[in-house]
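Encoded as structure tokens, the structure appears first; notes follow it.
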Amino acid sequence: MDHDHFFAEKIAELKGEGRYRVFAELERIAGRFPRARSHRDGSVEEITVWCSNDYLGMGQHPDLLSAMHEAIDKYGAGAGGTRNISGTNHYHVLLERELADLHGTEAALLFGSGWVANMTALSTLGAMLPECVIFSDAMNHNSMIEGMRHCQAEKRIFRHNDPRHLDELLGETDASRSRLVAFESVYSMDGDIAPIGEICDIAERHGAMTFLDEVHAVGLYGPTGAGIAEREGQAHRLSVIQGTLAKAFGVVGGYIAGSAALCDVIRSYGSGFIFSTAPPPAVAAAALASVRYLRRHDEIRVRHQERAATVKKRLAEAAIPTLPSDSHIVPVLVGEPHRCREASDVLLAEHGIYVQPINYPTVPRGTERLRLTPTPLHSDSDIDHLIESLCSVWKRLALRTAA
């Protein structure tokens, strides 16, 4: 078999479908977010980033940079290995305590990424709980799906954000079996929000555990940034809250928060924790500084929501089609993969705007989109330029407008 020929054919298939991913080569400019330098066709130009998951621009906040520099000077660059082999750094302990306090839980456990946190926690729980059945929202993230697959527990999928369907499926399952309901608070591609209280009502009625992914909500919602569950007064009802340090908190890493016994089980049995190198102390120090800062500064969240609402309003006025969103995520609908890629390319090359196309399998076919993520640091003039540029691209490519 000619393996390279086989690989080339698989890549050609992606390109033919318009799904081949091209990575923009960028240099984020420290202290000037959302500005970045784009390396393209041998030239470098300054552009504005409109699709970052660094939702609040905390990745360049002076408090985080100072904390990271201090930790590097004290401890060096790396963690030295896994938490078991190299020892747990003091910053790991402090960060886990802070995260547990943020969510009002007994304990928290730190991972190298949110993906690993989901994968490890769900695969470990699914494998250990007796005769476990996992009930998964139809739109759950890949990391959650992979965790469920890995543990080989029985999985039942309920319709997206549909508590009645979840109730039906739980009712069809033997009450003697362990049951776990896994869902997200903010769904990252459509920007819709789960009915957490209703799902908890149903899970409690059936004696099921709950696992809530708050990756796109921690730092962004609730009085102290603990997420949608905090905003809605539901955090105390959840068995596990999973979050990331790589989005609103601006660094990298993931975590779970829950009871001391549950976190200890994942720590002691979860392969993704046991065998993964620990986050560097400097990363943990920066994340700790970010969590502490955002807990005290709700005005950043207020500004963030205002910026998102303003962008949505301006898009509607310009007849640029968007999908309904209850959150800070603004999906601009294109509906065809090649045109979505082309729109992204023109925005970058001719308007200095970076927004990555989102195609299948990340979103269903026919819903290809540009996913905008306004931040508190996008100015009125940035929004003006965005709207003008989108209108120009829509006209040039004869894309469908809103009714």
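The values are calculated or read from the model by the stated rules, or taken from the named source; none is laboratory data. Bear in mind the structure is a predicted one, so any value in this text is a computation, not a measurement. Cβ atoms come from the backbone with ideal geometry, glycine included; neighbour counts cover every protein chain shown. The area values use the complete protein model at the heavy-atom level, side chains included, leaving out ligands, DNA and RNA. Shrake-Rupley method; radii C 1.70, N 1.55, O 1.52, S 1.80 Å.
Name every residue in the stretch 173-207 that is more than 25 Å from the chain's Cα centre (by Cα) and small (Gly, Ala, Ser), in order of residue number.
175, 176, 178, 207
Okay, residues lined up against (1) in contact (Cβ under 8 Å) with a residue 60 or more places away in the chain; (2) in contact with a Ser or Thr (Cβ under 7 Å, 6 or more places away or on another chain):
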{"residue": "29", "(1), (2)": "no, no"}
{"residue": "41", "(1), (2)": "no, no"}
{"residue": "55", "(1), (2)": "yes, yes"}
{"residue": "77", "(1), (2)": "yes, no"}
{"residue": "86", "(1), (2)": "yes, no"}
{"residue": "113", "(1), (2)": "yes, no"}
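Please list, ordered by first then second residue, the pairs with beta carbon atoms under 9 Å, 6 or more apart or interchain, first in the stretch 89-102 and open to solvent by 40 Å² or more (accessible area, probe 1.4 Å), second small (Gly, Ala, Ser) and not in a helix (DSSP H, G or I).
Pairs found: 97/107; 97/108; 101/108.
How do the strands (runs of 3 or more DSSP E) wholly within the stretch 3-57 filter down when requiring 1 or more residues that are among the hydroxyl-bearing types (Ser, Thr, Tyr): which remain? Lay out the reasoning, then the answer.
Details: elements: 25-28, 35-40, 43-49.
The qualifying strands (runs of 3 or more DSSP E) are 35-40, 43-49.
Out of the stretch 90-116, which residues are under 13 Å from residue 263 (Cα atoms) and either among the β-branched types (Val, Ile, Thr) or not in a strand (DSSP E or B) (or both)?
96, 97, 99, 100, 105, 106
Go through 374, 361 for me and flag whichever is closer than 18 Å to residue 188 by Cβ and open to solvent by 50 Å² or more (accessible area, probe 1.4 Å).
361
Identify the single condition in (1) within 19 Å of residue 316 (Cβ to Cβ); (2) part of a loop (DSSP other than H, G, I, E, B) that residue 362 does not satisfy, given that it satisfies every other one.
Going through (1) within 19 Å of residue 316 (Cβ to Cβ); (2) part of a loop (DSSP other than H, G, I, E, B) one by one, residue 362 breaks only (1).
So, in the stretch 155-209, exactly how many residues are surrounded by fewer than 20 Cβ atoms within 10 Å (Cβ to Cβ), among the basic types (Lys, Arg) and either in contact (Cβ under 8 Å) with a residue 40 or more places away in the chain or within 18 Å of residue 258 (Cα to Cα) (or both)?
Final tally of qualifying residues: 1.
Quick check: anything in the stretch 67-77 in contact with a strand residue (DSSP E or B) (Cβ under 8 Å, 6 or more places away or on another chain), surrounded by 13 or more Cβ atoms within 10 Å (Cβ to Cβ) and under 26 Å from residue 225 (Cα atoms)?
no
Inspect all residues belonging to the stretch 380-390 and state whether any of them is of a type outside the set (Val, Ile, Thr), open to solvent by 10 Å² or more (accessible area, probe 1.4 Å), in contact with a strand residue (DSSP E or B) (Cβ under 9 Å, 6 or more places away or on another chain) and within 25 Å of residue 21 (Cβ to Cβ).
Checking the stretch 380-390: not a single residue is of a type outside the set (Val, Ile, Thr), open to solvent by 10 Å² or more (accessible area, probe 1.4 Å), in contact with a strand residue (DSSP E or B) (Cβ under 9 Å, 6 or more places away or on another chain) and within 25 Å of residue 21 (Cβ to Cβ).
Looking only at helices (runs of 4 or more DSSP H) that fall completely inside the stretch 263-352, which ones have 3 or more residues that are modelled with pLDDT of 95 or more, open to solvent by less than 60 Å² (accessible area, probe 1.4 Å) and closer than 25 Å to residue 112 by Cα?
On the way: elements: 271-274, 281-296, 298-317, 337-351.
Helices (runs of 4 or more DSSP H) meeting the threshold: 271-274, 281-296.
Within the stretch 239-256, can you find the residues that are open to solvent by less than 20 Å² (accessible area, probe 1.4 Å), assigned to a loop (DSSP other than H, G, I, E, B) and in contact with a strand residue (DSSP E or B) (Cβ under 8 Å, 6 or more places away or on another chain)?
Correct list: 245, 253.
Condition first: closer than 27 Å to residue 386 by Cβ and surrounded by fewer than 16 Cβ atoms within 10 Å (Cβ to Cβ). Now tell me which residues in the stretch 1-25 satisfy that.
Result: 20, 21, 22, 23, 25.
Return the only residue of 233, 225, 219 being small (Gly, Ala, Ser), in a loop (DSSP other than H, G, I, E, B), in contact with a strand residue (DSSP E or B) (Cβ under 9 Å, 6 or more places away or on another chain) and modelled with pLDDT of 95 or more.
219
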